[in-house]
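Participant: Starting off with a structure, shown below.
No value in this document is a laboratory result; all are computed from the given coordinates. Quick caveat: nothing in here was measured; it's all calculated off a predicted structure. Cβ coordinates were reconstructed from backbone atoms using ideal geometry, including for glycine residues, and neighbour counts include every protein chain displayed.
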Amino acid sequence: MNECSHVSALPHPEPAPLSETCPECLAAGSHPVQLRLCLSCGHVGCCDSSPFRHATAHYEETGHPVMRTFEPGEDWRWCFVDGSIV
């Protein structure tokens, strides 16, 4: 994994999840494929394999740079700005 300048700017501790699943998918009647947690604000969104790509849409709307997987048994983070696992 790579370090990037965005990781050091994240809040500590990380924000609590604002929901247990993607609220935009629930509102649209869609099923999220996998979930991602925004490490700036705690928004939970679906991954790019989901029809609506809400985690990426959240980044595009807010500029919050780093998210992590919100799936059990997984432990990785992604920086949208740098386009890499961090």
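Participant: Report the Cα-based extents of the chain along its three principal axes, largest first, to the nearest Å.
Facilitator: Dimensions of the chain along the principal axes of its Cα atoms: 37, 27, 23 Å.
Participant: Still on this structure, I have one more. About its Cα centre, how strong a charge dipole does the chain have in debye, to the nearest 20, once Lys and Arg get +1 and Asp and Glu get -1 at the Cβ?
Facilitator: 60 debye
Participant: Can you list the HN-Hα couplings for the stretch 14-30, worked out from phi with the Karplus curve (6.51, -1.76, 1.60; θ = phi - 60°), rounded to whole Hz and with x for Gly and Pro?
Facilitator: Coupling constants for the stretch 14-30: 5, x, 5, x, 7, 7, 8, 8, 6, x, 5, 5, 4, 5, 8, x, 9 Hz.
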